[in-house]
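The values are calculated or read from the model by the stated rules, or taken from the named source; none is laboratory data. Values in this document were obtained by computation on a predicted structure and should not be read as measured data. A quick note on method: Cβ atoms are made from the backbone with ideal geometry, for glycine too, and the neighbour counts reach across all protein chains shown. Note: areas computed on protein heavy atoms with side chains; ligands, DNA, RNA excluded. Shrake-Rupley method; radii C 1.70, N 1.55, O 1.52, S 1.80 Å.
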Amino acid sequence: MRIRVVNPNTTASMTRLIEASARAVAGPGVLVEGVTSSMGPASIESHYDEALAVPGLLAAISAGERDGVDGYVVACFGDPGVDAAREIAAGPVVGIAEAAMHAATMVGRGFSVVTTLSRTRGRALDLAVRHAPAGACRGVWACDIPVLDLERDPSVLPRVIALAAEALDRDGSDVIVLGCAGMAAFCPEVSAALGVPVIDGVTAATLLVKSLITLGLRTSGRDEYAPPPVKRYSGILAAFMQPGADGSRQGGVTAKEDS
Ligand code: 2AL
């Protein structure tokens, strides 16, 4: 089984950390390949970053389809482009926020998210509305550490632990969700320090994709997640046109068969 973990930002050192976390849980018979987006922002910490990370993500999914990949993890806590990726991938696609939030609801009654910059809190709250029952997400806390500082600054881990402890206390929650792919490596230490379940979405999503593939489940091709309608794309996004739109079989992004 081949699972591709796509880092939708363009920082390769972060992809290596993400890949290591995913590989640590994947188990025998699962090939985990970390892939760095080839275009877009170095880190994703605004709606603008998130929107412009999606073309690179979709190009990576498209390449994965050509390589025969069985399923994908979208390794950014905003879950950018997950719905679009499902329209073009034959196998399952899971975002790390949705995986972590679903897991959190199975091991506790209420969770708190600890994320990076406060401006990313709104997106996390939106995702909680979609992926957790009302009231399950009790709070989203920001440590105000930029994404790329997570791997550079040794003072980060104690700050994340302190914030998570405060979140548990003030929210009355019983589970912590780490709100950035760049926090994946912190999970064991935060967990040991707090004594409650701490969920990293990279590992949760990797095992969820593995489970879906093992179950023989793939994204439904009926209606909403069917391949996108063929049409002309222009300008710098012309390469993302679906095959056939310009009368040829050339196209940057497609793989999923109509079903
Ligand atoms: C993220 C993430 O997981 N990767 C990235 O570049 N930005 N999310 C976040 N909340 O900062």
Item to check | Criterion: touching a residue at least 60 places away in the same chain (Cβ under 8 Å), over 21 Å from the mean Cα position of the chain (by Cα) and either within 16 Å of the ligand (Cβ to nearest atom) or surrounded by fewer than 22 Cβ atoms within 10 Å (Cβ to Cβ) (or both) - qualifying residue of G172, G135 | outcome: G172
Checklist outcome for this item: Taking region 1-21 and the residues there that are more than 10 Å from the ligand (Cβ to nearest atom), in a helix (DSSP H, G or I) and open to solvent by less than 30 Å² (accessible area, probe 1.4 Å), the one that is farthest from C76 (Cα to Cα) would be S21
Checklist entry - Quick one: would you say T206 is of a type in the set (V, I, T), within 16 Å of the ligand (Cβ to nearest atom) and in contact (Cβ under 8 Å) with a residue 60 or more places away in the chain? => result yes
Item to check | Top-ranked residue in region 27-48 [being touching a residue at least 40 places away in the same chain (Cβ under 8 Å) and over 16 Å from the mean Cα position of the chain (by Cα); ranked as farthest from P188 (Cα to Cα)] | outcome: V30
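Any residue at all in region 22-34 that is of a type in the set (A, V, I, L, M, F, W, C), assigned to a helix (DSSP H, G or I), away from the ligand (no atom under 16 Å from the Cβ) and touching a strand residue (DSSP E or B) at 6+ places or on another chain (Cβ under 6 Å)? Walk me through how you get there before you give the answer.
The first filter runs over region 22-34 and keeps only residues of a type in the set (A, V, I, L, M, F, W, C), leaving 22, 24-26, 30-32.
Imposing the further condition that a residue be assigned to a helix (DSSP H, G or I) reduces the set to 22, 24-26.
Applying the additional criterion that residues be away from the ligand (no atom under 16 Å from the Cβ) yields 24-26.
This time we only want the ones that are touching a strand residue (DSSP E or B) at 6+ places or on another chain (Cβ under 6 Å), so: 26.
Yes, that holds for at least one residue.
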Checklist entry - How many residues does region 74-118 contain that are within 23 Å of V198 (Cβ to Cβ) and in contact (Cβ under 8 Å) with a residue 24 or more places away in the chain? => result 30
